[in-house]
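Visitor: Provided herewith is a single structure, encoded as structure tokens, for subsequent inquiry.
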Amino acid sequence: MVPLFYYLVLSGILFACGVTGFLIKRNIITIFMSIELMLNGVNLSFVAFAAQWHALSGQVFVFFVMVVAAAEAAVGLAIIIAVFRTRETLNVDKVDLLKL
Amino acid sequence: MATSLNDMMQTVPQWSDYIRILPEIVLSLFGMAVMMLDAVMDESKSQKALGAVALIGAFGAIGATLYQAQYPFGYGFWEMVRVDAFSIFFHFIVAAVTAVVILASFEYMEVQRIRAGEYYGLILFGAVGMSLMSSAVELVLIFIALEISSIATYILAGFRRRSATSSESSLKYFLLGSFATAFFLYGVALMFGATGSTSIFAISRSLESGNISLLAYAGLAFMFVGLGFKVAAAPFHVWTPDVYEGAPSPVVAFMSTAPKAAVFAVLLRVIFEINSPVPTRMWLIWIVAALSMTIGNIAALVQNNVKRLLAYSSIAHAGYILVAFAALPSSGIPAAMFYTAAYAAMNVGAFAVISHFGGEGERYVTMEDYAGLGKRSPLLAVTLTIFLLSLIGIPATGGFFAKFYVFSAALQANLVGLVIIGVLNSAIGAYYYLRIIVAMYMHEPKQEAPVAPIPMGAGLALAISVVVTIYLGVIPGRVLNYAQQSVSELTPVGQVVSLQAPHAVEARMATNVKKALAH
Amino acid sequence: MPDNYFARYLPLLIHLVIVGIVACGMVLLSWLIGWRRPTRAKMAPYECGMAPIGDARERFSVKFYLVAMLFILFDVEAVFLYPWAIILRDLKMFGFWEMIVYIDIVLVGFFYIWKKGVLDWGEASMKRGGF
């Protein structure tokens with residue numbers, strides 16, 4: 001039996017990887033994948049906690065998160081395509097009409 | 001929970017459960033109707049019809065909310081949603097903002113030559129999420145509601161598809177928005193791990209009983225960061241100016257008010273109900289509130305684009321609302337609720353003016369374009385002036401009482417430092433709002449931006465916003481009483497220390513006005 | 001059941017071996033007793049698909065993306081059918097009607113993309129389409 005702690009550390013690392021990727025990557029698709037990685041880190045901790053509390057609800061939440069992530073992916077990729085059509089680039093540094 | 005699953009199996013939802021989500025049901029049905037009609041109708045002439053259907057849906061949601069208010073309050077769907085005066089207050093704001101935005105959109109869509117009827121469907125679907133957010137008392141349901149509203153607004157932000165700024169705004173909103181949601185979700189997961197439940201009341205009970213683990217603190221912090229992004233509080237505000245500048249103006253009117261109100265409702269529930277046994281939350285909110293007010297107001301000083309200016313101003317207003325969060329629940333919650341309502345009315349109105357004046361492709365949005373508006377279109381200029389005065393917080397407008405209640409709530413909690421920062425910031429804020437007013441009435445335009453006559457839809461939207469703004473500024477008593485009454489049902493503490501009685505304030509205001517006139 | 005670690009997985013191993021034998025046997029038999037008359041089209045890796053050899057960086061229509069996206073959406077929506085199926089007996093008729101409502105909502109989406117011409121692959125719609 002793998003202790004709960006290990007799962008939590010792994011999920012924390014996944015989440016942190018996602019955050020780091022979001023902050024340092026410049027390609028929009030990669031940034032988007034980092035967000036998905038964050039969500040999957042969360043999913044892992046949901047399942048781990050569900051096992052700890054013997055609560056099925058934690059696993060059902062993962063279903064919901066997955067569905068929401070899929071909807072987000074659909075919308076996100078559509079937006080990325082719209083940006084690519086107007087700008088012909090996928091580098092966030094070059095998508096800079098509105099100054100940050 | 002393992003036991004509650006067994007309970008669930010023995011029961012099916014009652015009629016009352018469905019009434020508790022009636023506004024959401026109405027909005028979803030009308031949203032789907034718009035989608036289906038859009039698919040079968042000819043694109044060149046479907047716009048007005050779809051807008052009308054959506055408008056009926058929004059008014060239907062208002063009606064459903066009023067019906068809910070008559071019905072006994074309580075839980076629905078196994079303690080997933082809770083209808084009380086608090087949720088009805090926010091439902092009403094969301095539904096009303098939706099109706100006004102739809103009214104303001106009719107003409108805008110025509111001028112921008114956007115034909116897609118999905119626009120109205122997306123507004124309704126977004127409103128579903130926002131309504132659900134304000135009545136949900138279960139964290140995963142809150143997450144789903146948050147995503148329903150966010151995903152709809154991501155698409156809406158990019159609705160001027162041919163414009164590069166619009167799609168860029170949509171992209172930035174999407175990336176930072178989903179980043180924030182992931183934070184919120186991680187907070188929910190940690191909270192679930194700390195307490196074994198995602199129901200706000202179960203969490204609150206579990207935290208009250210024992211010592212609070214590090215997981216629970218971390219969970220709360222993550223949730224706060226996620227929600228802070230959504231309400232554009234500093235230091236999580238960087239996306240706001242870009243997104244508001246690029247997105248279509250009616251959409252900005254929508255997303256700067258309705259989702260914010262809903263997220264503030266979630267924050268109120270999360271902070272005051274989960275965190276009620278923990279008094280150490282103050283410093284965190286204190287810092288965020290002070291930062292938001294200062295950064296928002298100072299950055300707004302140098303803006304030349306009016307949309308961008310109002311974006312920074314919305315950051316500052318999020319800060320004012322957060323001041324109320326640092327106060328005691330009994331006076332802070334009603335103050336925050338009142339502020340949200342007043343802000344919704346005045347900001348929707350201001351952006352409705354901007355979207356009418358912007359013209360095709362939203363060309364006229366800079367300070368120079370507004371020069372001399374007072375002569376060319378006195379009506380439009382007067383309307384915008386009322387909203388701007390309310391945003392400053394001049395007496396006889398909703399913004400005045402909003403700020404007054406927030407600061408007096410903070411004073412009751414002995415947050416003198418925060419109140420001083422807030423008042424100084426209001427003074428700074430007055431400068432840049434007045435700049436627009438001065439430009440409209442006193443500057444000569446270098447190049448006259450054309451003003452189209454106000455059409456019926458936009459006119460109605462503006463009229464509603466003006467009436468509500470003035471109503472809240474002259475007779476704030478009823479709304480405030482309703483907010484206070486909702487708090488007594490909301491907090492476990494349940495003690496309502498009444499704010500200064502509204503009529504006393506009105507009397508003082510009247511003497512102040514007389515003094516000012518005498519000078 | 002013996003508690004030996006290996007013994008517990010023995011059925012799985014047997015299963016794998018049988019699967020291997022059956023699969024190899026099928027391929028071998030068809031090769032031995034099959035009757036072949038090769039043509040050029042038949043020799044292509046995908047008899048009626050796209051040419052598999054060429055520049056990988058070739059641009060292809062964004063329609064492919066759209067179809068893939070829709071597939072993911074409708075696929076993921078089916079995920080709720082599994083937990084529902086498990087407790088359907090306990091939910092009785094209520095569960096049935098609830099799922100009908102859910103499916104209907106998904107069908108509204110399907111109707112929408114259908115009428116919008118996303119599933120229409122003809123040349124005319126490709127030219128007209130904003131997709």
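Each value in this text was obtained by applying a stated rule to the coordinates, not by laboratory testing. Since we're looking at a predicted model, the values are computed, not measured. Here Cβ is always computed from backbone atoms with ideal geometry, including for glycine, and neighbour counts include all displayed protein chains.
Visitor: What number of lysine-lysine pairs in chain B show an alpha-carbon separation below 20 angstrom, given a sequence spacing of 8 or more or placement on distinct chains? Working shown, then result.
Guide: Details: B:LYS172/B:LYS230; B:LYS172/B:LYS260; B:LYS172/B:LYS307; B:LYS230/B:LYS260; B:LYS230/B:LYS307; B:LYS260/B:LYS307; B:LYS260/B:LYS403; B:LYS375/B:LYS446.
Count of close lysine pairs: 8.
Visitor: Based on Cβ point charges of +1 for Lys and Arg and -1 for Asp and Glu, what charge dipole magnitude is obtained for the range A:4-94 about its Cα centre, in debye rounded to the nearest 20?
Guide: Values: 5 positive and 4 negative charges, 47 e Å.
Its charge dipole is roughly 220 debye.
Visitor: Quick one: grab Rg to one decimal and Dmax as a whole number for the range B:279-519, Cα atoms only, in Å.
Guide: That works out to 18.5, 60 Å for Rg and Dmax.
Visitor: Also, I was wondering about something else. Mind giving me the nanometre distance, one decimal, between the label points for A:LEU10 and C:ASP120, set 7 Å out from Cα along Cα→Cβ?
Guide: Here the answer is 4.9 nm between the modelled labels.
Visitor: Compactness ratio of the range B:288-364: Cα Rg over 2.2 N^0.38 Å, N = residue count?
Guide: Numbers: Rg = 14.5 Å, N = 77, 2.2 N^0.38 = 11.5 Å.
Scaled against compact globular proteins, the figure is 1.27.
Visitor: Something else about it: If one puts a single equal scatterer on every Cα of the protein assembly as shown and applies the Debye formula without solvent, what log₁₀ I(q)/I(0) results at q = 0.10 Å⁻¹?
Guide: -1.03
Visitor: Using the beta-carbon distance between B:LEU434 and B:ASN414 and R0 = 25 Å, what value does 1/(1 + (r/R0)^6) give for FRET efficiency, to the nearest 0.05?
Guide: The calculated FRET efficiency here is 0.20.
Visitor: Rounded to the nearest 10 degrees, what's the angle between the helix A:4-24 long axis and the longest principal axis of chain A, both from Cα atoms, 0 to 90?
Guide: On a 0 to 90 degree scale, this one is about 10.
Visitor: Calculated FRET efficiency, B:TRP15 and C:PHE71, Cβ-Cβ r, R0 35 Å, to nearest 0.05? Don't skip to the answer; put the middle values down first.
Guide: On the way: r = 38 Å, r/R0 = 1.09.
Taking R0 as 35 Å, the efficiency between B:TRP15 and C:PHE71 is 0.35.
Visitor: Taking N as the number of residues in the range B:381-499, what value does Rg over Cα atoms divided by 2.2 N^0.38 Å take?
Guide: 1.35
Visitor: Going by Cα centres, the range B:369-421 and the range A:43-95 are how many Å apart?
Guide: Going from one Cα centre to the other spans 39 Å.
Visitor: Apply the Kirkwood formula to chain A: the hydrodynamic radius equals the inverse of the mean of 1/r over all pairs of different alpha-carbon atoms; give it in Å with one decimal.
Guide: Final number for the Kirkwood radius of chain A is 15.1 Å.
Visitor: What does chain B give for Rg and for Dmax, in Å, if only its C-alpha atoms count?
Guide: 22.1, 74
Visitor: Under the rule that an exposed site lies in a DSSP loop and has at most 16 other Cβ atoms within 10 Å, name the longest stretch of chain B with no trypsin sites (Lys or Arg not before Pro) of that kind, not counting the sites themselves.
Guide: Within chain B, the longest run free of exposed trypsin sites (Lys or Arg not before Pro) spans B:163-362.
Visitor: Where in the range B:6-87 are there chymotrypsin sites (Phe, Trp or Tyr not before Pro) that are in a DSSP coil and have at most 15 other Cβ atoms within 10 angstrom of their Cβ? The partial results should precede the final answer.
Guide: Details: sites: B:TRP15, B:TYR18, B:PHE30, B:PHE59, B:TYR67, B:PHE73, B:TYR75, B:PHE77, B:TRP78, B:PHE86; in loops: B:PHE73, B:PHE77, B:TRP78.
Answer by residue number: B:TRP78.
Visitor: How much length is gained if the chain between B:ASN304 and B:GLU208 is pulled fully straight, taking 0.36 nm per residue apart and subtracting their Cα-Cα distance, in nm to one decimal? Walk me through the numbers on the way to the answer.
Guide: Values: separation 96, 0.36 × 96 = 34.56 nm, distance 5.02 nm.
Length gained between B:ASN304 and B:GLU208: 29.5 nm.
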